[in-house]
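We did not get these values from a lab; they are worked out from the coordinates using the rules stated. Please read all numbers here as calculations on a predicted model, not as lab measurements. Quick reminder, even Gly has a Cβ in these numbers, built from the backbone with ideal geometry, and neighbours come from all protein chains shown.
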Amino acid sequence: MRLPLALIANVRLLNSGLRIRHSIHNGVLKTSLLSSHNICSRAERKWIKPAGFDTGVKTYNSLTKQKEPLVLAQERIATWYSCGPTVYDHAHLGHACSYVRFDILQRILSRIFEINVIHVMVITDIDDKIIQRSLEQNISPTVLARMHEEEFKRDMQALRVLPPAVYMRVTDNIPQIVAFIKRIIGNGHAYVTSQGNVYFDTQSIGNRYGKLVNLGGIVGELGAQDKRDPRDFALWKASKPHEPHWESPWGQGRPGWHIECSTIASSVFGSQLDIHSGGIDLAFPHHENEIAQSEAYHQCEQWGNYFLHSGHLHLKGSVEKMSKSLKNYVTIKDFLKSYTANEFRLFCLLTRYRSAIDYSDASMNEARSTLSTISAFCHNAQAYMQGHLQCQPTEEGILWERLSATQSSVRKALADDFDTPKTVDAIMSLIHHGNCQLQPATKVDGQRSAAVFGAMLSYVREIMGVFGVDLLDRKEVHDSSGVLNNVVEELVHFRSKVRKFALSVEDQAPQDPHTGSEIQKRHPEPDRVPLLKDCDALRNNLAPLGVHIKARFHPIRLSAEERLKENSWLLFKHGKL
């Protein structure tokens, strides 16, 4: 009597000290492997601190579950591999969150710590989901994949995500993948089945399997009857009717999901990789299997030195991540109809990259408000430097000290696992102290302090530029915008002169006979009121066009209500024109 393959696998597992637990989940029979002894061997999984160039940055490493010094194999060069999209559908905001967060990290390494980041990203353009979707839409899998690949790249450009040094498609690397699998088999870490499938043999690496995840138990489907161990995973899948396929020594088929990343990363970076990134949902099984394959291929103890994982994006009030399978996603295209790339980057900056993040109108409004405060300070500081905003003498020494302290605290925060929330707090504190001294005044005595505000303005723009936040809104600037800016500025200057005339008092103001002080008129001359009303009408008409003229005090002592209603100072924001 012949025993079923599944039973044989169970017997082997029992002999190796593993217990089998069967369960039914969502109608699918699954098995859970539970070790009768500690499956994790610290000696075999110990992280090896790389030798090389210490960047001065500490980053949370998923391999050790703690912050580690970021040490690069080559001085000021970081090799970085990331898992790109599976291009069968539109990219959504959950994807965007991960890509934007890691784009921010790479910008920080490049601009703050002067590291040359060499980034490679794979495009998965052959996959079960791609095949299924192409059948549903009755188009070629290649055409479907190319369409969504280009859409993904446009989405990333719209979010100002810097492109990698190179995008690499799976289908362009099939010969390299076949060669990679052959070597793993030759090294004794994979096997070919009678059905033409090739599986990685997890038992061949013992307790080294599970570097990222503490495998006190692992679930595997019993559907694949030709596997030796439920933990084993496909390197090569035998072709099915009407599926795309390629030739191999094991027959026609296509690559498994995990092998593509190991092959492509190794083809560019060899046996040593500094940083591997991706969403936390990819840690297991995808990144775990990448590690197993790559170390089996290269016969090395540690292939990737640092694994960085970003937290999930959740809809506010939901414990589930944004996902296509759950149909709770927002496409990037739809999102950008309501919000800007700058606002989304602020949204990402307000939490740690590895933390889960809640998406809602309230959280986006917080990001929008923060960005508005930063932009307003930049406009105010610029207006002060230009002489358009008159203020009392500032405490210049204090501002220089604040600026220096902010620069130091920002660098320290970013060196501590890229702490962007603490960085934003430091910037907002600097802006607060700047705003406290940018209070408009009607009469100015003493020297102006334009230089310190110029330094603060430059630094705020610079650090936000590091994060990919463009405070100058250059994406909508056209060739004629410079001329239009000048036209708007002249128009606002003219309005300011008219208002100044309308609000002016007589040169020889009457004096109080008891105190000798000048008596201030509380209202403008009656014949000048129409001029003020016309100025207000102009201000109101310009606002919908993106030109905002901000309120300030004027020499006439009006009530608070009158000041808010009547007065303005020369500052315009040329946004949507």
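Descriptive notes on the structure:
- Prolate/oblate/rounded label for the range 365-467 (Cα gyration tensor, a/c 1.5): prolate
- Cross-link table LYS240/LYS333; LYS333/LYS422; LYS129/LYS240; LYS129/LYS153, entries beyond 24 Å C-alpha to C-alpha: LYS240/LYS333; LYS333/LYS422
- Full-stretch length increase - ASN116, ARG183 - with 0.36 nm per residue and alpha-carbon distance subtracted: 20.9 nm
- Of LYS182/LYS211; LYS46/LYS67; LYS211/LYS237, pairs whose Cα-Cα distance is over 18 Å: LYS182/LYS211; LYS211/LYS237
- Gyration tensor verdict on the range 53-338 (Cα atoms; rounded if a/c is under 1.5, prolate if a/b is larger than b/c, oblate otherwise): oblate
- Measuring nothing but how far apart in sequence close Cα pairs (under 8 Å, 6+ apart) lie, relative to its length, the range 365-467 scores a relative contact order of 44 percent.
- Dipole axis of the range 53-338 (+1 Lys, Arg; -1 Asp, Glu on Cβ), positive-most option in ASN116, ILE205, LEU135: ASN116
- FRET E, pair TRP246, LEU472, Förster distance 35 Å, beta-carbon r, rounded to 0.05: 0.10
- Measuring nothing but how far apart in sequence close Cα pairs (under 8 Å, 6+ apart) lie, relative to its length, the range 53-338 scores a relative contact order of 22 percent.
- If R0 equals 30 Å, the separation of the Cβ atoms of GLN176 and SER140 corresponds to a calculated FRET efficiency of about 0.85.
- Sorting the segments 371-384, 110-123 by their residues' average number of neighbouring beta-carbon atoms within 10 angstrom, most packed first, yields 371-384, 110-123.
- Size of charge dipole - the range 224-287 - debye, nearest 20, with Cβ of Lys, Arg +1 and Asp, Glu -1, no other charges: 180
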